[in-house]
Amino acid sequence: MAGVQITGLPELLRRMDEVARQQAPFAMAKAMTKTMRQAKVALDAHIPEAFDRPTPFTQRAVAFSGATKRDLTASVFVKDIQAKYLRTEAEGGPRQFKSFEEKFAEGGQTRVALPGRGAPLNQYGNLTKAKIKQIARDVNTSGKAKRFFSGKPKGQDLPAGIYTRTNNNKSITPLLVFATAAVYEKRFKFSEIGTATITAQFEANMVQAWAEAVRTAR
């Protein structure tokens, strides 16, 4: 997942006089780093607006790297692990299968698993890992005592999914409902917010950093 960067500033250094050239790298590095920190703050604030009850792990998805006087490059980006599932949210399109969905593949076919009305969701709207393991373990065992089963219920107009037996096996409740694909609309405005923050903040940050560099020059 591509980040947003500020680069190409060394060209400006070549056009400055000696005194300015000595101070400019410090000012530029400071301004660039501050701008990327501001972009991260803006993106952090956007995540709970874009997603319903994001997990703490998702809320920590954005990071930034600052510039130094020797490397005038700074960027804001999404960490690698979170980028695997946030890329589709930022670009739109069909999402990749989640790791737990592969546990319920049948005939070599992995399907999207959507929460059913009986799914015991946590405060973030997800099944816990412990519950997924419990369901997968039960589904993959044999015997009539199984609490969960996978497939399309016979004699009922219900979709394929994973169901739990209730009321002394007289009723079934859907925990997960299977779909062939899930297509996401673009809702994580990573590039837009990152670029807008840089455009709005960098010039003022550079002016402030330059004034400080001149004031503290030796």
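Structure above, values below:
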| read-out | value |
| --- | --- |
| Charge dipole (debye, nearest 20) of the stretch 81-138; +1 at Cβ of Lys and Arg, -1 at Cβ of Asp and Glu | 180 debye |
| For the chain, diffusion coefficient by Stokes-Einstein and Kirkwood Rh (Cα), 10 °C, 1.306 mPa s, µm²/s | 75 µm²/s |
| 222 nm mean residue ellipticity, helices alone, for the chain (DSSP H n ≥ 4; -39,500 (n - 2.57); rounded to 500) | -14000 deg cm²/dmol |
| Candidates Ser150, Ser99, Ser191, ranked by Gaussian network fluctuation over the chain, Cα under 10 Å, top entry | Ser99 |
| Set of lysines near Lys40 by C-alpha distance (under 17 Å), chain-local residues within fewer than 8 positions excluded | Lys30, Lys79, Lys189 |
| Given charges at beta-carbon only (K, R positive; D, E negative), |dipole| of the stretch 99-181 in Debye | 360 debye |
| Volume per residue that the Cα convex hull of the stretch 99-181 spans, once the total is divided by residue count, Å³ | 111 Å³ |
| Farthest positive-ward along the chain dipole, Cα basis, beta-carbon charges - from Leu176, Val78, Ala204 | Leu176 |
| Packing-based exposure ordering (other Cβ within 10 Å, fewest first) of Thr180, Thr68 | Thr180, Thr68 |
| Residues Lys40, Lys154, Lys34 arranged by fewest to most Cβ contacts within 10 Å | Lys154, Lys40, Lys34 |
| Extension gain, Thr216 back to Tyr124 (0.36 nm per residue minus Cα-Cα distance, nm) | 28.2 nm |
| Charge dipole magnitude, Cβ of K and R +1, D and E -1 - the chain, Cα centre, debye nearest 20 | 1040 debye |
| Residue exposure sequence - Ile172, Ile198 - by fewest surrounding Cβ within 10 Å | Ile172, Ile198 |
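Where a number appears in this text, it was derived from the coordinates with a stated rule and is not lab data. Not measured: the values here are computed from a predicted model. No Cβ is skipped: glycine too gets one built from the backbone with ideal geometry, and neighbour counts run over all protein chains shown.
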